[in-house]
2 protein chains.
Amino acid sequence: MKNEFEWIRSISPGFHYHKEVITGIGDDAAVVREKAGYDTVLAVDTMVEDVHFTKETMPLKAIGRKALAVNVSDLAAMGAVPLYFIVSIAVPKSGWTQEEIGEIYSGMKGLAEKYPMDLIGGDTVSIKEKLVISVTVTGRVEKDRALLRSSAEPGDLLFLTGKIGYAAAGLDRLLKEGKQAWDDEDPFIQAHQSPDPHVKYGRGFVESGKRIAANDVSDGAAHESKEIAEASGVDVNIEWEKLPEVDRFAFLSDEKQEEWLLRGGEDFCLIGTASPKTCAELEERNLPLYIIGSVEEGKGRVWLERSGRRSELLGGGYTHF
Amino acid sequence: MKNEFEWIRSISPGFHYHKEVITGIGDDAAVVREKAGYDTVLAVDTMVEDVHFTKETMPLKAIGRKALAVNVSDLAAMGAVPLYFIVSIAVPKSGWTQEEIGEIYSGMKGLAEKYPMDLIGGDTVSIKEKLVISVTVTGRVEKDRALLRSSAEPGDLLFLTGKIGYAAAGLDRLLKEGKQAWDDEDPFIQAHQSPDPHVKYGRGFVESGKRIAANDVSDGAAHESKEIAEASGVDVNIEWEKLPEVDRFAFLSDEKQEEWLLRGGEDFCLIGTASPKTCAELEERNLPLYIIGSVEEGKGRVWLERSGRRSELLGGGYTHF
């Protein structure tokens, strides 16, 4: 490989969208001019080869795109405008070529163009075994308007901005079938390989000016509901029959259905709560919601109503250990 | 291990120093209120087990402290005040205990208290083989005052803010002797295990209001001089006999001397250029400098003057590949 400095410089043109970047790649650190009246939002997410992806489950471009997308999804969940990103990548001494790393960056570039976001720096190191990509993003939200998970109140409705269970279904196929399952038209495969962060919803929620709690569904609807319930000091009730396209998963055992739909994770739409009036207003703002439950007084619990019975969802969803 | 959320929450108290943190750990991303009149500086550095450290070469606390220190050094090189940091850590499925990871964080906490810096978020994932720690820092510098490496001009002096070669000498001993070499009093061992970022100098340079180019010496004096020379479109001349304590390394072969002193890296003081008048003023401001050379008209080359001969230093210093 070329030396790091030359190499990062060679991939950086075409990532410059913001005139506020005073100095990006090429000095000790990046300098970005901040605007008064805004809060800065920062997030980091890391993807590890053989844990979060393999060359069998993900095209190279999709690996890069997703490493950025999962971070943009964190910005979306705060209602922030995506602005800048920094990439730290640990490249194994064998098994990966410079061209392959370039493909990963080109996948990031695709999503960076969409929002648009500037690549303002990074660090490239070597590692013995597996590829590790860590992306840090920053974004901007109007002062005091970030969407916090602590804003839920009894009487709110619980909503989703997209379908869940899709990414789990896609991963299941990819683990069984490998590259044979790659299919740009299959919505399950695409949900795992090319998730779309719901920035449009996050921004729409902030622009509505209403009280709205939100999380992205990265760790599954059960876990994310639990975070909202705990942070807000309320109970959350999920109604099984209201989950979008719940029938689509009817071929699975009951246990497997709940695992994929409620704990599968990686769907990267938003889950949140708002008053019934606000939910109706959001629909009018062209932000369609799936209403899947409600918020009641309580102490941080999540309930599942299914087939006329109600049970507590313990332990949340997917955790990283 | 506990689940990630509880665990990060359990280590986060005691990291909260800044009232500008609206929401840190515990939501999808961090929200930090920005001040008008300042530029934001961001940097990331990654440390990989068996590449940048081993349990034999570094105490656990020192691993954490250094992972943060090398980033703070990037802020120092821009003249920024350190503010916040985010930690992404990939923990191997075996070989590391939760207590050991706690020790790493406690090492970060030591340095975070000094500046002070808030831990505002993070991501913890699992990995099959070796530990990977990636730290992102942000800091603040007065608008348009960041110290850039492109500010050098012919007639400037080249300076160091500390001694070089120490970290390379320490690493050499640690690789040969392992834990037996651990010694809190040995300046070489300490230079490798517990580098002190030169924030005092960076801030002093900015506060002087003068034109000053700066880099931290993370990749060795030869490489960092080359970056300044190229970014500024000048040549830089290093005078061997002026290097601080150059005699201390006289027991080595000439080749080894140049390797440790000029290409060893990881010393984490600053290297920079300023006019002779500015250098004198900095000394008066209680910022003592080692003057080690000069800047002349040129095209991005670095020269070494040694024993009456002058040769070009090619290829810079240590690179990560």
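Structure above, values below:
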item: Number of Lys pairs (Cα under 17 Å; 8 or more positions apart or on different chains) in segment A:157-312; result: 7
item: Relative contact order %, chain B, counting alpha carbon pairs below 8 Å whose residues are six or more apart; result: 22
item: Average partner coverage of B:119-126, which counts Cβ from other chains inside 10 Å; result: 5
item: Spatial separation of Cα centroids for segment A:135-150 and segment B:194-260, in angstrom; result: 39
item: Point-charge dipole on Cβ atoms (K/R +1, D/E -1) for segment B:4-142, about Cα centre, debye to 20; result: 260
item: Straight-distance crosslink candidates among aspartates and glutamates, where the alpha carbon sits under 18 Å from A:LYS128 and sequence neighbours closer than 8 are dropped; result: A:GLU4, A:GLU49, A:ASP50, A:GLU100, B:ASP45, B:GLU49, B:ASP50, B:GLU56, B:GLU129
item: Reachable lysines from A:LYS19, criterion Cα separation under 16 angstrom, eight or more residues apart if same chain; result: A:LYS35, B:LYS143
item: Estimated distance in nm for a label pair at B:GLU281 and B:SER253, the labels positioned 7 Å out from Cα along Cα-to-Cβ; result: 4.7
item: Antiparallel DSSP beta bridges within the protein assembly as shown, as percent of all bridges there, nearest 5; result: 75
item: Per-copy distances of the B:GLU255 label point, shortest first, in nm (7 angstrom along Cα→Cβ); result: 6.5
item: Cα long-axis angle, helix B:221-232 against chain B (0 to 90 degrees, to the nearest 10); result: 80
item: Shape category assigned to chain A from the gyration tensor of Cα positions, a/c cut at 1.5; result: oblate
item: For A:291-298, mean number of other protein chain Cβ atoms within 10 Å; result: 0
item: Cα gyration tensor, segment B:157-312 - rounded (a/c under 1.5), prolate or oblate; result: oblate
item: Helix-only [θ]222 nm of the protein assembly as shown, DSSP H runs n ≥ 4, -39500 (n - 2.57) each, per residue, nearest 500; result: -10000 deg cm²/dmol
item: Using a 7 Å Cα-to-Cβ projection, A:GLY178 label spacings across copies, nm, ascending; result: 4.0
item: Under the Debye formula (equal points on every Cα, no solvent term), log10 I(q)/I(0) of segment A:38-142 at q = 0.10, 0.20, 0.23, 0.24 Å⁻¹; result: -0.26, -0.96, -1.22, -1.31
item: Share antiparallel - DSSP beta bridges, chain A, percent rounded to 5; result: 75
item: Choice from B:LEU171, B:LEU75, B:LEU282 showing the highest fluctuation, given a GNM over chain B with Cα pairs closer than 10 Å; result: B:LEU282
item: GNM result for chain B, Cα springs below 10 Å: residue of B:GLU99, B:GLU113, B:GLU259 fluctuating most strongly; result: B:GLU99
item: Degrees, to the nearest 10: B:166-177 long Cα axis against longest axis of chain B; result: 60
item: Considering only segment A:4-142, percent of DSSP beta bridges that pair antiparallel, nearest 5; result: 65
item: 0 to 90° range, to nearest 10: angle between helix B:199-208 axis and chain B longest Cα axis; result: 60
item: Residue-averaged beta-carbon neighbours from other chains (10 angstrom radius) around A:44-54; result: 5
item: Within-13-Å neighbourhood charge of B:LYS299 [Cβ basis; K, R +1; D, E -1]; result: -3
item: Mean separation of Cα contacts under 8 Å, 6 or more apart, over the residue count of segment A:157-312: relative contact order %; result: 41
item: Nm distances between copies for B:LYS143, ranked from closest, using label points 7 Å along Cα→Cβ; result: 1.5
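FYI, it's all coordinate maths here, none of it is from the lab. Remember, predicted model here, so these are calculated numbers, not experimental data. Positions of Cβ are generated from backbone atoms using ideal geometry, with glycine treated the same way; all protein chains shown enter the neighbour counts.
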